[in-house]
Amino acid sequence: MKKLTSNQIRQMWLDFFKSKGHRVEPGASLIPHNDPTLLWINSGVAALKKYFDGSEIPPSKRITNVQKSIRTNDIDNVGHTARHHTFFEMLGNFSIGDYFRKEAIRWAYEILTSPEWFAFDKDKIYVTYFTSDLETRKLWIECGLDEDHLIPLDNNFWQIGEGPCGPNTEVFYDRGEKWDKKELGIKLLKEEIENDRYVEIWGIVFSQFNGIEGVERDKYKELPSKNIDTGAGLERICCIMQESETNFDTDLFYPLIQATEKLANTPYKDENKIAYRVIADHVRACTFALSDGESFSNEGRGYVLRRLIRRAMRYGRKIGIETTFLHTLVPVVVKIMEGFYPELHKNEEKIIKMIENEEIKFLKTLDNGEIILRKMIEGKSVLSGEDAFKLYDTFGFPIELTEEICAEIKIEVDIKGFEKEMNRQKEMARAARGQLQSMAVQSKDLIECHADSEFTYGFEPLKARVIALFKNGEKVDSLSDHGEVIFDKTIFYAESGGQVTDLGTIENASTRANVINVTKAPNKQHLHFINILFGQCKIGDEFTLQIDEFRRLKIMRNHSATHLLQAALDEIIGEEIAQAGSSVNDQYVHFDFNYHQKIDEENLSALEKRVNYWIASGLEGKTHLLPLEEAKNMGAKALFDEKYGEEVRVVTFGDISKELCGGTHVKNTQDIGIFIIEFEESIASGIRRIQFRTSFGAYELIKRRENILNRTKTKIGASSYKEIDTKITSLLDEKEKLLKNIRILRQKNANDLSERIKNKFELIDGKKVFSAYLPDVSKEVLLLIVDNLKALDEATFGLLIGGEGGNLPLVSYSKIKDIHAGKILSQIAHQLGGSGGGKENFANGSGKDKTKIESALKTLKGLIE
């Protein structure tokens, strides 16, 4: 086995799979993009879901990557075990409808054992596989693995809910008998016992079935496009190849531990190892997450990072570090990782300041909180929920730390009581928000703030001075975490007129903050809601204000297109249309208007074409400040419910659009690029909505539609887009012919069965009754048989039971007075575990239990009598 550094292992992995035709895909940000189901990117495949679920066509059907990941479910185990981490890296190779089991196993064996690559001793490799997946077993043996190194396990099947799933095979490395103190040997794998001898290094999922709830696994249907999804843990492979005691003793972690040891008064050994490992793990996770754009906060991802910093600091105190120190470890993380992640070096200074700022905040709460906690639990065996909540709410002491401290001294925490108090506070906050929203004013301090502030329509970064500060609407002199700011001037647009706010940053030499929202204060100043990353914000401070320019550009294009759409609606649909509101953001626009009927495809196409014509015409965009009456006289449109002052802002595009508007706009319609209507719908009585996209958003919509077209082209066997229409027409013709043939065959089948049944009637109490169980006969055929029986010129009753897809379709009819088809069928259906009913002369339903058919038909006789 080679002894490789972490950088060499990563590169060798990518080089190997590149040699097998894989495209090297850059690892994604830890912050999920357009995936609300994930808090963090937590695996190699998580960032590739768009390819696996078919929403995007992959650039290659073979992909390999190194994906940074964060998982938060194991935070409490970090440091206590050799292999649990919050931040880790997954080496992956993926096939999207290309190669499958044979290649995946052969290449896994090759990279692991070949002298050219990792050169593991094959006798140290053990593999588990799904018990019935004998093909996988056979392929590993063909590669050269000994039969007694293959262990069948019933749990080796990967499935999360409904959808693609399949068996998986897992690769383990035997670290030797010294890690097996109880001498259990292979039993550790066979019984899936947690151990340090056999280390799992690689999992390979054969995604080949479509899992359906309620269906037995052996009845799952195979997917038309099978996939390979693998994940190998870099930290674990490093541990093995560097012959380290644990993952924490590899080149990924140990320099951090050494740097921490210089700050501590306790060496890295015995029970102190836990503290060092927690610190190393948590500072790595925070460094990467902050580099990818996350920040500390009290919710979501930001709260996870806050919890990691506070937990690491508390463990720092266990080894004698009483002051801030985590920020000094950031350069060590950068040095270890920047060979593969050069962006860390670019963001290093920002990360250091953010972590130091968070440490300073926490030190203020840590000392006081621990003292108060220890007083609260003095002489007690349980910390009440009320006390735990008081620590959290009044003193800012995290509940997780309360639990950890109490666990160390065998004190129980009433978590249910804590959660009850939390919920009560949330209800009170909701009620308070409701009261505030129902009032015209929200803050006395804001109402009394008359400081002059100017909004400038522009892009260029702007230097501005802090003239007022608030926290939750109350006036303050400084901010160190979050609050509201008014500047003497600003380029940040405040949400109004349907257009969303600008986002961005404010920064000076000592402080940086994100602007997360902007509203208008009672006296019309722009109120900036900020989240401070590091430093302080004080009255009189000067900052450079910078908006997210790309986002602003997309909003401007969308807003200007809204004016063009209004003009197109006037021209094509009619001037009686009035705008009923709009929502303009950087992704799309909702344009609402009064109209009594759906706009058909022909008119939607005409609207889209007209707007794009004006875009291509390069109409100049101008703004004018005019008296309100003068603006109205020039024909400027006003919004449906907007209140205007004596002087108004009029936005024009050539001679085709004049509107009163305070929003941001392009200088020329050509800047919009392209306009595409996504859909038109009704949202209320007499109110229609058009959703559209422009520019980059339109491009993304086009690509999504193109992907659908590509998949359709592949599915119907068309060689080009031009063939799609012809192919679909041909398929529809063929379908109609097949349906006609099916109808003919059904009728023939029904006629044949009718002839058999006609001669097998039973006289019950003098009444002629037809009843039959017809396995594998569909409801459609049963209905045709009933039509034939009803056509007989005599008084009869019939009840037929079919069989279709696990159900038992039921049909009955009655031409006999006083025999109600619906009532009888309802009772029979209930006896068969189903339901049904109908009128006197006809009824239908379905049953489920085949074992009750014979008794149900006997019951029928009693019902007729």
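The values are calculated or read from the model by the stated rules, or taken from the named source; none is laboratory data. These numbers come from a predicted model, not from an experiment. Backbone-built Cβ (ideal geometry, glycine too); neighbour counts: all protein chains shown.
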For this session: Return yes or no: is L800 closer than 25 Å to T859 by Cβ, free of Cβ contacts under 8 Å to residues at least 24 places away in the same chain, in contact with a strand residue (DSSP E or B) (Cβ under 9 Å, 6 or more places away or on another chain) and assigned to a strand (DSSP E or B)?
Result: no
For this session: Just give me the residues in the stretch 409-457 being farther than 24 Å from A494 by Cβ, under 30 Å from the mean Cα position of the chain (by Cα) and either at pLDDT below 85 or of a type in the set (A, V, I, L, M) (or both), in sequence order.
Result: I415, M422, N423, R424, Q425, K426, E427, A429, R430
Exercise. Hey, E235 hits all of (1) outside the structural domain of I31 (by TED's automatic domain parsing); (2) of a type in the set (D, E, K, R); (3) touching a strand residue (DSSP E or B) at 6+ places or on another chain (Cβ under 7 Å) but one; which does it fall short on?
Worked result: (1)
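Residues checked against (1) in contact with a helix residue (DSSP H, G or I) (Cβ under 7 Å, 6 or more places away or on another chain); (2) modelled with pLDDT of 95 or more; (3) of a type outside the set (A, V, I, L, M):
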| residue | (1), (2), (3) |
| --- | --- |
| L263 | no, yes, no |
| K269 | no, no, yes |
| Y276 | yes, yes, yes |
| A280 | yes, yes, no |
| V283 | yes, yes, no |
| S291 | yes, no, yes |
| E294 | yes, no, yes |
| E299 | no, no, yes |
| L305 | yes, no, no |
For this session: Return yes when I141 is out of contact with any Lys or Arg (no Cβ under 9 Å at 6 or more places or on another chain), among the aliphatic types (A, V, I, L, M) and part of a helix (DSSP H, G or I) and no when it is not.
Result: yes
Seminar exercise, completed: Counted residues in the stretch 362-419 being part of a loop (DSSP other than H, G, I, E, B) and out of contact with any helix residue (DSSP H, G or I) (no Cβ under 7 Å at 6 or more places or on another chain) come to 7
Problem set entry | Output for the stretch 561-590, where each listed residue is assigned to a helix (DSSP H, G or I) and over 19 Å from R689 (Cβ atoms) | E571
Problem set entry | Test for L363: is it surrounded by 18 or more Cβ atoms within 10 Å (Cβ to Cβ) and either modelled with pLDDT of 85 or more or within 21 Å of R310 (Cα to Cα) (or both) | no
For this session: Specify which of the listed residues (E135, E170, E142) is at pLDDT 95 or above, of a type outside the set (V, I, T), in the same structural domain as V45 (by TED's automatic domain parsing) and under 16 Å from G203 (Cβ atoms).
Result: E170
For this session: Test A104 against the criterion of being crowded, with 16+ Cβ neighbours inside 10 Å, aliphatic (A, V, I, L, M) and assigned to a helix (DSSP H, G or I), and give yes or no.
Result: yes
For this session: Find all pairs meeting these conditions: Cβ atoms under 6 angstrom apart; at least six residues apart or on different chains; first residue within the stretch 760-782 and polar (S, T, N, Q); second residue crowded, with 18+ Cβ neighbours inside 10 Å and assigned to a strand (DSSP E or B).
Result: S771/L799
Seminar exercise, completed: The lone condition K221 fails out of (1) over 18 Å from R71 (Cβ atoms); (2) buried (at least 16 other Cβ atoms within 10 Å of the Cβ) is (2)
Problem set entry | Among residues of the stretch 471-523, those that are touching a helix residue (DSSP H, G or I) at 6+ places or on another chain (Cβ under 7 Å) and within 22 Å of E460 (Cβ to Cβ), counted | 5
For this session: Give the residues of the stretch 373-408 that are surrounded by fewer than 16 Cβ atoms within 10 Å (Cβ to Cβ) and at pLDDT 80 or above, sorted by residue number.
Result: R374, K375, E378, G379, K380, S381, V382, E386, E404, A407, E408
Exercise. Residues of the stretch 561-585 being buried (at least 21 other Cβ atoms within 10 Å of the Cβ) and more than 18 Å from A636 (Cα to Cα), which ones?
Worked result: V584
Exercise. Which of the residues belonging to the stretch 494-519 are more than 14 Å from T544 (Cα to Cα), among the small types (G, A, S) and touching a strand residue (DSSP E or B) at 6+ places or on another chain (Cβ under 7 Å)?
Worked result: A494, S496, G498
Problem set entry | Residue that is nearest to C661 (Cα to Cα), among those in the stretch 464-501 that are aromatic (F, W, Y) and assigned to a strand (DSSP E or B) | F487
Exercise. Which pairs have Cβ atoms under 7 Å, sit 6 or more apart or on different chains, and link a residue in the stretch 472-484 that is touching a residue at least 24 places away in the same chain (Cβ under 8 Å) to one that is in a loop (DSSP other than H, G, I, E, B) and among the aliphatic types (A, V, I, L, M)?
Worked result: D477/I539; G483/V476
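Restricting to the stretch 800-828, name every residue that is among the hydroxyl-bearing types (S, T, Y) and in contact with a helix residue (DSSP H, G or I) (Cβ under 9 Å, 6 or more places away or on another chain).
Within the stretch 800-828, the first condition is being among the hydroxyl-bearing types (S, T, Y), and the residues that meet it are 812-814, 826.
Hits for the stretch 800-828 are S812, Y813, S814.
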Exercise. Hey, does the stretch 544-559 have a residue that's out of contact with any Pro (no Cβ under 7 Å at 6 or more places or on another chain), in contact (Cβ under 8 Å) with a residue 40 or more places away in the chain and among the hydroxyl-bearing types (S, T, Y)?
Worked result: no
For this session: Among residues belonging to the stretch 81-92 that are in contact with a helix residue (DSSP H, G or I) (Cβ under 6 Å, 6 or more places away or on another chain) and at pLDDT 80 or above, point out the one that is surrounded by the fewest Cβ atoms within 10 Å (Cβ to Cβ).
Result: H84
For this session: Of the numbered conditions (1) surrounded by 18 or more Cβ atoms within 10 Å (Cβ to Cβ); (2) free of Cβ contacts under 8 Å to residues at least 60 places away in the same chain; (3) of a type outside the set (S, T, N, Q), H830 fails exactly one; give the number of that condition.
Result: (1)
Problem set entry | E216 vs. criteria surrounded by fewer than 16 Cβ atoms within 10 Å (Cβ to Cβ) and not assigned by TED's automatic domain parsing to the domain that holds K273 | yes
Problem set entry | Residues of the stretch 783-804 satisfying the condition of being at pLDDT below 90 and among the acidic types (D, E) | D793, E794, E804
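I'd like to verify a number: residues in the stretch 68-101 that are within 26 Å of the chain's Cα centre (by Cα) and assigned to a helix (DSSP H, G or I), how many?
In the first step, residues of the stretch 68-101 are kept if they are within 26 Å of the chain's Cα centre (by Cα); the result is 68-78, 84-98.
Filter once more, keeping what is assigned to a helix (DSSP H, G or I): 75-77.
So the count comes out to 3.
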For this session: Give the residues of the stretch 502-559 that are in a strand (DSSP E or B), of a type in the set (S, T, Y) and crowded, with 16+ Cβ neighbours inside 10 Å, sorted by residue number.
Result: T505
Problem set entry | strands (runs of 3 or more DSSP E) within the stretch 615-693 that include 2 or more residues farther than 25 Å from I599 by Cβ | 621-627, 647-653
Problem set entry | Residue identified as more than 23 Å from F550 (Cβ to Cβ), surrounded by 13 or more Cβ atoms within 10 Å (Cβ to Cβ) and of a type in the set (K, R) among K722, K735, K727 | K727
